[in-house]
Structures are given as structure tokens and as C-alpha cells.
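Here's the structure we're looking at; comments come further down.
Read-outs: derived from the displayed coordinates by stated rules, not from any lab. Since this is a predicted model, take the numbers as computed values, not measurements. Cβ sites come from the backbone with ideal geometry, for glycine too, and all protein chains shown count toward neighbours.
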């Protein structure tokens, strides 16, 4: 508690908020693992709107988005046993699963499911999220990340959007943008570096 | 590739956006339990989640939650039946009020009609009284001495017109009406209005000035409901004037 006395009020409040969220999520994960009826209700109340908004942004169809939200939450419900209740970042996992369901849908409708395409569900293993910074979706972090994103050049923003919201590989982006692959890789790496550096600043602060 | 060289690729790796050769490199590092790469992956997942949460918030439809909870066997309290009962109740009340209002409207219309009829009858009787009480009124009778009545009187007034009062005049019957005729001396009958009998008596007034010196007879015939331009025989009432 001495630590709180030494910290500025805003930062202390932020840390407190994160601690409360972590405690809440840990309890929620325990109840999800026990398949308590009210746990799914609480999971939806906590992440349903964000999940729906993300999926809708990707698929741009309300009815499809509803189907994919349901698929996302059922996947969480069925795989939560492998999730680390104490340390995992539940919100980050839910968003990742949601994004992957939506991208899978886009790929299936666009005919982009090629032989070499990566199976997205390999990239949402619950174990990965155990070592993740559980404050990934803390308000302050997201706000600073968004502010950094808005400072990117239009080309950098475009490649980030194509990667995150359309699930494109860098080769596909190069084809879409009619740019050399090397140029697209440069835009992508530089954009991600800006965002990464911003998060590092938050961590240092 | 070294861990250092892979460092910038973890976000794209976690998004499934790397080409397969680069992906295989990272897979190999992670499989070896490389701490540095594991840490880089965690940081990349956190960054990705942050970027994915940029989307503008859109509220899903309420039914989505119910559908989701039902799919995992959770009973979601639905208030739909309350709304349904409420809606049906409102409809019943609205229908009842509608019938009440309609009934009230009919009653009001009937009362208005009765009042109009009553006022009209009162006006006719008042006018008839004026005919009878005015010294300029000239009376004429009809039907006296006939074996089959109707009988009655015709009163003529130079300004007020002609008043006919008949008794023992049966109802005209369906599609029929009585028509009064003013027959000038030496002239053709002129239509002077249509009227009905209540089955026993009739009172009819032709309003407007008349030239008493020119009128020879006031007559009544039974005609079709719309009346006729010329009298249909027989003449039921004939009251000679003067």
C-alpha cells in the first residue's frame, strides 16, 4: 500500500482499475470452467458488445456477425478449461478468437482459403494467453495505442487495417495495393514499431 | 533466423499474416521453448488485442444474448409474454372503448334525428296554427258525402300558401307517395309537393304565395316515390276552391 502513496493519483487509479479487472476476470474464468449458468451471462455482459463490434467491423453484416459472436462465445465456453484463470488475459483471448472467426468467414466467402493458408485456430491457443500481460485491454493502454495509430501515415494505417481486419498476408496486401512486396513489408514493420514503442512507453510509465 | 531477426514478426505471426517460411521459423523457436520469443509473442498478442479493440462500439440486438444463453442451456428470462399480454389487453380495451364510442355515436345520432323530427313537427303545427288563425285564410273541404273517405280540409292563404289536413288517409305503401296538385281555373294541374300519411292522417303545407283567385281545385293523387309531372288517376282528394 506504500506504493500507492508514492504514485501519482491517476496512475494509482489506473493500477487499481487493472487489479480489479484482473480479479473479476479470474473469478469469471473459474465460474466458466465450472460451467455455471450465470458465468456465460457475465462473460457476454463484459465482452459481448466489443466482440460484436469487432466482428461487425470485419464482416459488415449484422446477421452474420451475430452468428459469429455465438460461435466465438461457444468456443470460449468449450475451451476455457485450458485457460489460466489466475494469469490469463481473458479479454485479449476473446477478441483474438472473435477476430479469427470473422477472418475465417471472410476467407471462406472470398475463396481465399488457399492450400498454404494458416489455420487461425492454431493461433488462439488458451495457453498463449497465460503469459500475456493481463492488462492488455486496460483503458489507458488502448487510448495511447489508438493515439499512436492515428499518427501513422495513410499507407501504414492501410496495411495495419488489411492485416487486422481483412486477415491479409503481406503478399496479398502487395497485390491489393499494387505495390512491391518490399514496400508493403516496410510499411507494416514501421507501423508496428510505432505501436510497439508506444506500448513500451506505457509500460515504462 | 535469430530471435533478434524474428522480433518484428510476432504481431503478423499471431494474426496468421506471415508467409509460411517465416511462420515455420517462429514455430521452431517457440517449440524450442525460447523465452525471448515467448515473451515477444505475449507482447504481440497484447498489442494485437489493443488494436482490435479500436473498433467503434455497436450495440448488438437483445435477442443475441438470449440466443447465446439458450445455446448453452441457460434459461434466459424472457419478458416477451408480458409484452404479449399487455398488447392483447390494450387491444381489448381499445376495442371495448371503440364499441362504446360507436354505440354512443349511434345513440347521439338517433337522439339528434328525434329532436330534428320533433322540431320539424312542432314547426309544421305552429305554421298550421298560423294558417288557421289568420283571417285571410280561405278554407275548403273535401270528401264530404263520399262513401270511401279520406276527408278533410284545405286552407289557402295568399302569402303563406296551402295547408292540407286529411283524415282516414291510408299509408301510401312501399315505393309510393302522395302528391298534391294545384289546378288553376281552366288550366292544367301543377305539381305542388309530395307527402306521406301516418296511416290515419296527413298534414302537408305548400309554402309560398298563391293567387287565390286563379286556383280552381286542390287535388291529391297516389304517385310513384319520385312523384309525377302529371296526375295519375284516380284523384283521391279534390277540394274545389271558392
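Under a no-solvent Debye model with one identical scatterer per Cα of the range A:19-73, what's log10 I(q)/I(0) at q = 0.29 Å⁻¹? After summing over all Cα pairs, the log10 values are -1.05.
Using only the C-alpha atoms, the convex hull of the range B:1-72 corresponds to 136 Å³ per residue. In this simple spin-label approximation, residue A:42 and residue B:21 carry label points 7 Å from Cα along the Cα→Cβ vector, and these lie 5.0 nm apart. Where only DSSP H runs of four or more residues are counted, chain B gives -14500 deg cm²/dmol as its mean residue ellipticity at 222 nm, each run worth -39500 (n - 2.57).
Calculated translational diffusion coefficient of the protein assembly as shown (4 °C, 1.567 mPa s; Stokes-Einstein with Kirkwood radius over alpha-carbon pairs) equals 43 µm²/s. Highest mean first, the peptides B:208-220, B:187-199, B:127-139 sorted by other C-beta atoms within 10 Å per residue fall in the order B:208-220, B:187-199, B:127-139. Using only Cα atoms and rounding to the nearest 10 degrees, what angle (0 to 90) does helix B:20-31 make with the longest principal axis of chain B? Here the helix axis deviates by roughly 60 degrees. One Cα centroid belongs to the range B:161-181, the other to the range B:1-29; the line between them spans 113 Å.
In whole angstrom, note down how far apart the Cα centers of the range A:150-204 and the range B:110-158 are. The distance from the Cα centre of the range A:150-204 to that of the range B:110-158 comes to 106 Å.
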